[in-house]
Amino acid sequence: MDPVQALERIAYLLERSGAPTYRVRAFRGAAATVGALEPEELRRRANQSRLRDLPGVGAKTEEVVAQALAGGVPEYLSRLQEDAAPEAAGPLSGRAAEIRAALRGDCHTHSNWSDGGSPIHEMARAAHDMGHEYMVLTDHSPRLTVAHGLSPERLRDQLAVVAHLNEELSPFRILTGIEVDILVDGGLDQEDELLAALDVVVASVHSKLRMEAPEMTRRMVAAVANPHVDILGHCTGRLLPAAPQVTAGLRRGGGRPESTFDADAVFTACAQAGTAVEINSRPERLDPPMRLLRQALDAGCTVSIDTDA
Ligand SMILES: [Zn+2]
């Protein structure tokens, strides 16, 4: 098996299983390092057990490369493939299959420019390989420093990178975007001019999630009514408690309760402003919960089914 493909596949499966971002990045980094070597050089180093001298290559990645070069599927990769959720790998049926078939793209994704584990082109490739026609790149805004939110300057740089990538990837298209923080007063955490220039703006609450309901309602209504905002991201902010068998190494654990707000007021404002309510499909989020999703549909909202990958 090609060692670079093995490392990239491992990174992909780790990312999909919700593994911590640093582990995903470790394998992506190793794939880049190994991919930059001439094949003979790679074999020579592998034979001399000198792969670990390379930056970003540790014991685990060395083992993966050696086993791939030996012609097999590396053990670590087969284990991850076995553990991959069967329902995610298997074919869908009925209504679920219809909805999946109708999905042409993804309006909420993160790259390693903010807190994602993978570079933009890898995200685009994964979206393309899933049959999508487009992907909206929505890295975080400046205030979310823990997630390396993009300053206006970095976002401008990113727009140039995306424009360049789109030339290579056509007809697949990366749409420009942001997951912008909804500030405490309902304002948005990015320059107006930039927000206006982006294809898609997802607005989400990431701070002060325990605000009193009336305040939170005002905050969210102001944001969804903002003409720059297209989608309200993960509206309750809840995190589901992890099933015990998948808790190891994951951030969640105990979960997080829903924020409280007047859902009627927020969804009515969404419907009036034409702001879609996101169905956030991250396994630990599944946000909004079903009862609120019904309420959003009753209020006449459109929805956007996103991975937040
Ligand atoms: Zn978010």
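Every number in this text was worked out from the coordinates using simple rules, so none of it is lab data. Quick caveat, the model's predicted, so the values are computed rather than measured. Neighbour counts are summed over all protein chains in view; Cβ atoms, including those assigned to glycine, are modelled from backbone coordinates with ideal geometry.
Principal-axis analysis of the Cα atoms of the chain puts helix 263-273 at an angle of about 90° to the longest axis. Taking every Cα-Cα distance in the chain and sorting them into 20 Å bins starting at zero, the pair-distance distribution P(r) comes out as 30, 56, 14, 0 percent. Under the simplified labelling scheme, the residue 1-residue 36 pair shows an inter-label distance of 2.5 nm, with each label point 7 Å from Cα along Cα→Cβ.
Here 62, 153, 133 are placed in order of increasing Cβ neighbour count within 10 Å, fewest first, which gives 153, 133, 62. Computed from Cα positions, the angle between helix 3-16 and the longest principal axis of the chain comes to roughly 30 degrees. The order of the peptides 227-236, 139-148 by mean Cβ neighbours within 10 Å, most packed first, is 227-236, 139-148.
If neighbour count is taken as other Cβ atoms inside 10 Å, put 188, 51, 209 in order from fewest to most.
Numbers: 188 20, 51 25, 209 15.
Final ranking by Cβ density, sparse to dense: 209, 188, 51.
Between residue 47 and residue 213, what is 0.36 nm times their sequence separation minus the Cα-Cα distance? Round to one decimal in nm. Write down the numbers at each step before the final one.
Values: separation 166, 0.36 × 166 = 59.76 nm, distance 6.30 nm.
Computed gain between residue 47 and residue 213 is 53.5 nm.
Basic side chains Lys and Arg get +1 at the Cβ, acidic Asp and Glu get -1 at the Cβ, and with that the dipole of region 95-202 about its Cα centre reaches some 400 debye. The angle between the Cα long axis of helix 152-169 and the main principal axis of the chain comes to about 60°, on a 0 to 90 degree scale.
With Cα atoms as the point set, the radius of gyration and Dmax of region 25-96 evaluate to 15.9, 54 Å.
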